[in-house]
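The values are calculated or read from the model by the stated rules, or taken from the named source; none is laboratory data. This one's a predicted model, so the numbers in the text were calculated from it and none came from an experiment. Here Cβ is always computed from backbone atoms with ideal geometry, including for glycine, and neighbour counts include all displayed protein chains.
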Amino acid sequence: MSESKTVVIGVCGGIAVYKALDVISRLKKQNVNVHVIMTKSATEFVTPLSFQSLSQNMVVTDMFAEPKAWEIQHISLAKKADVMAIIPATANIIGKVANGIADDMLSTTIMATHAKVIFAPAMNTNMYNNPIVQSNISKLKEFGYDFICPASGRLACGDVGDGKLQETDIIAEQILSALNSNKDLQGKKVLVTAGPTISKIDPVRYITNGSSGKTGYAIAKEARDRGAKVTLISGPTNLKKPVGIEVINIETNEEMHESVMKHFDDSDIVVKSAAVADYKIKCYSNEKIKKNDGALNLEFIRDNDILKELGSLKKNQILVGFAAESHNLIENAKGKLDKKNLDYIVANNITESGAGFRCDTNKVSIIKRDKTVIPLEVMTKKKVAEKLFDIINEDIK
Ligand code: CTP
């Protein structure tokens, strides 16, 4: 995060309190300013000192503690916050805010802020499913408060069901997403493909490539953070399903083709970052191929060039392709831009250091339809995604 934003974390009393520490640590790693307000019962589980050490700010607990700075404090934190997140959010705080009760530092700050407030509930399953709690949640949602759905699993009390605090990386991701104030893709539908596809040989074997999907996922998240409605069509990856994005999992070129075609007409921007297999096996074996003494010869035939097809079908969509090359980078990429009728192509030399499939960084050049080449330094895949949408949005204007 380039300019430092402020998140106020409200910590309520529950066994999941310690997990709020991990969320704070994740936010700090992204240069976010964190202030913490703890309810009195939260301090029974973890001391304010832990939160103070991690957030590097004084933790606010009691409105009436000396020095009596509360008159301004709940207002100043409410004003300072770009986002407020309540972790864990108990039935109590949800009930209080839903019913306009402001009787401690946390509830008064929530009432006084204009910032986006996100509740991450955690409580016993029966409490969570209690119609009173559910009705309070619905009421708050109608007022524009956001909720991070709790996970299902074994709870501290031994019960199994909904009510477990959502995973901390998901909570942090949702907070970071809410912090992005640049909503220049609001109202746009963005379709992204990511990861590899596989070509099946027999029921147990297939060939694929080394794509990790990191670039495509970073692009999908960036589009989401800028306000777009995002559909991500993903080949097999080890990456977590991003929050707030419709993810369609596919394996083969044919499945990706079918899914992309279904969504293409309805999309404004299509970014095809997937490493799609160009060939498929000519004769798929329904039975496992047994070994023999000789060599194994497999014949492959051409499969769909999905991006080329999109280029020929394109109406008003902005079409972005990728070119992973090992030589003649710009020349080859420009050739693909023309051949596939693209608006932009992101070209990268997979042999350069800091670039390529599994890294967290990439070194790319973005080439426009008019063949302007914009060379970029080595940067994180997230930064590449930011640059890509900066360029597209500048051109749309
Ligand atoms: N692409 C696609 N369908 C394919 C192959 C590629 O949609 N069967 C898309 C990729 O998602 C990427 C771009 O086309 O955006 C890459 O094009 P290209 O470089 O032609 O694919 P390669 O298979 O890498 O081409 P080559 O092997 O000839 O370099």
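For the reader, a short list of remarks on this structure follows.
- Applying the criterion of being part of a loop (DSSP other than H, G, I, E, B) and among the acidic types (Asp, Glu) to the residues of the stretch 288-319, the residue that is farthest from the ligand (Cβ to nearest atom) is ASP293.
- The set of residues in the stretch 340-382 being within 16 Å of the ligand (Cβ to nearest atom), under 18 Å from VAL271 (Cβ atoms) and not in a loop (DSSP other than H, G, I, E, B) consists of TYR344, ILE345, VAL346, ALA347, ASN348, ASN362, VAL364, SER365, ILE366, ILE367, LYS368, LYS381.
Yes or no, residue by residue, for (1) of a type in the set (S, T, N, Q); (2) over 27 Å from the mean Cα position of the chain (by Cα):
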| position | (1), (2) |
| --- | --- |
| ASN297 | yes, yes |
| ASN304 | yes, yes |
| ALA323 | no, no |
| LYS339 | no, yes |
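- Of the set (1) outside any strand (DSSP E or B); (2) closer than 23 Å to ARG358 by Cβ; (3) within 16 Å of the ligand (Cβ to nearest atom), all apply to ASN238 but (3).
- Among the residues making up the stretch 262-287, those that are in contact (Cβ under 8 Å) with a residue 24 or more places away in the chain and assigned to a helix (DSSP H, G or I) are HIS263, PHE264.
- Matching residues, the stretch 308-326, being over 13 Å from ILE269 (Cα atoms) and touching a Lys or Arg at 6+ places or on another chain (Cβ under 7 Å): LYS308, PHE322, ALA323
- Residue within the stretch 164-175 that is more than 16 Å from the ligand (Cβ to nearest atom), assigned to a loop (DSSP other than H, G, I, E, B) and within 16 Å of the chain's Cα centre (by Cα) present: yes
- Scanning the stretch 83-105 for residues that are in a helix (DSSP H, G or I), modelled with pLDDT of 95 or more and within 14 Å of MET38 (Cβ to Cβ) yields ASN92, ILE93.
- For the stretch 187-213, a tally of residues being over 16 Å from the mean Cα position of the chain (by Cα) and not in a strand (DSSP E or B) returns 10.
- The residues of the stretch 214-235 that are of a type outside the set (Val, Ile, Thr) and assigned to a helix (DSSP H, G or I), listed by number, are LYS214, GLY216, TYR217, ALA218, ALA220, LYS221, GLU222, ALA223, ARG224, ASP225.
- The residues of the stretch 322-336 that are assigned to a helix (DSSP H, G or I), surrounded by 16 or more Cβ atoms within 10 Å (Cβ to Cβ) and near the ligand (Cβ under 10 Å from one of its atoms), listed by number, are ASN332, ALA333, LYS336.
- Some residue of the stretch 276-298 being among the β-branched types (Val, Ile, Thr), buried (at least 17 other Cβ atoms within 10 Å of the Cβ) and more than 30 Å from ALA172 (Cα to Cα): yes
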